[in-house]
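The values are calculated or read from the model by the stated rules, or taken from the named source; none is laboratory data. This one's a predicted model, so the numbers in the text were calculated from it and none came from an experiment. All Cβ positions, glycine included, derive from the backbone under ideal geometry; neighbour counts span all protein chains shown.
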Amino acid sequence: METRSVAIDGPSGAGKSTLARMAARRLGIIYADTGALYRSVGLYALRRGISSRDARGVAALLPEIEIEMSYDDTGCQRTHLRGEDVTDEIRAPEASLYASDVSAIPDVRAFLLQTQRDMAARRDVIMDGRDIGTVVLPNAGVKVFLTARPEIRARRRCDELTAAGRDVTYEDVLRDINKRDTNDSSRAAAPLRVAADAIVFDTSELDLEESFSGLLDIINERLYGENDAAV
Ligand code: DC
């Protein structure tokens with residue numbers, strides 16, 4: 001059976017994972033978080049003591065890396081690295097930094113490409129990342145480029161981290177967001193860019209509920225609407 005997919009790309013802190021998870025639940029389909037794959041590779045390199053900037057060293061680890069995704073009753077993704085559930089550990093700050101670096105290594109991107117396509121081939125998904133609409137699923141039924149101004153993204157991320165008990169300042173978070181934007185858009189391998197057929201959805205002036213409702217409208221119209229786009 002042909003599956004349907006929704007690709008959501010955009011810069012860090014745009015709310016991709018929150019909105020994609022909410023939309024997946026509403027539509028009764030799977031939310032596929034591709035950042036978890038890069039984070040798992042980063043975590044493995046970290047554990048093995050290989051620098052995340054050592055492209056050859058990281059590439060040499062790839063044959064040892066086996067990542068499996070499972071989904072609980074609510075459709076939430078759990079990530080397993082060589083059989084171990086690393087869902088929580090890959091969110092640690094060191095794993096985030098490692099993920100960002102290893103995601104710029106072409107061998108890593110090539111290694112994870114098929115895994116991502118397999119995830120979308122098995123079932124209907126909403127998949128978020130940086131290159132889903134441009135590289136991973138060029139035939140996705142809906143492509144959304146979710147964005148917001150850097151200052152807004154920094155404010156939201158800062159509130160989220162503060163609520164989670166982390167001691168951060170708005171200035172630090174904004175600097176981090178600007179740095180990640182530059183990294184993600186300027187890297188040679190699959191840089192962050194808007195797919196030609198993506199709908200750009202800027203949530204700078206919208207709250208969570210308005211963003212969610214706007215995203216659902218886009219998905220419903222493109223995926224299930226009268227024109228019934230090819231998936
Ligand atoms: O979305 P995230 O923060 O969990 O992603 C972790 C890192 O992986 C982030 O620095 C960007 C990178 N990434 C990527 O390059 N391509 C993707 N499809 C998903 C994530």
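Which one of the conditions (1) over 28 Å from residue 30 (Cβ atoms); (2) touching a Phe, Trp or Tyr at 6+ places or on another chain (Cβ under 6 Å) does residue 165 fail to meet, given that it meets all the rest?
For residue 165, the exception is condition (2).
In region 46-83, which residues are in contact with an Asp or Glu (Cβ under 8 Å, 6 or more places away or on another chain) and more than 11 Å from the ligand (Cβ to nearest atom)?
Of region 46-83, the ones in contact with an Asp or Glu (Cβ under 8 Å, 6 or more places away or on another chain) are 46, 52-53, 55, 58-59, 62, 77-83.
Scanning region 46-83 gives 46, 53, 55, 58, 59, 62, 77, 78, 80, 81, 82, 83.
Only one residue in 35, 15 is under 16 Å from the mean Cα position of the chain (by Cα), under 29 Å from residue 173 (Cβ atoms) and crowded, with 23+ Cβ neighbours inside 10 Å. Which one?
After ruling out the rest, the residue left standing is 15.
Where residues in region 140-155 are within 14 Å of the ligand (Cβ to nearest atom) and either basic (Lys, Arg) or free of Cβ contacts under 8 Å to residues at least 12 places away in the same chain (or both), which of them is farthest from residue 17 (Cα to Cα)?
143
Give the residues of region 93-116 that are away from the ligand (no atom under 12 Å from the Cβ) and either modelled with pLDDT of 95 or more or of a type outside the set (S, T, N, Q) (or both), sorted by residue number.
Residues satisfying the conditions are 94, 107, 110, 111.
Could you grab me the full set of residues in region 127-139 that are within 13 Å of the ligand (Cβ to nearest atom) and of a type outside the set (Lys, Arg)? Spell out the reasoning first.
First, pick out the residues of region 127-139 that are within 13 Å of the ligand (Cβ to nearest atom): 127-137.
Matches in region 127-139: 127, 128, 129, 131, 132, 133, 134, 135, 136, 137.
Among the residues of region 124-167, what is the count of those that are modelled with pLDDT under 90 and either within 16 Å of residue 6 (Cβ to Cβ) or touching a Cys at 6+ places or on another chain (Cβ under 6 Å) (or both)?
0
What is the one condition in (1) in contact with a helix residue (DSSP H, G or I) (Cβ under 7 Å, 6 or more places away or on another chain); (2) within 11 Å of the ligand (Cβ to nearest atom); (3) of a type in the set (A, V, I, L, M, F, W, C) that residue 20 does not satisfy?
The single condition residue 20 does not satisfy is (1).
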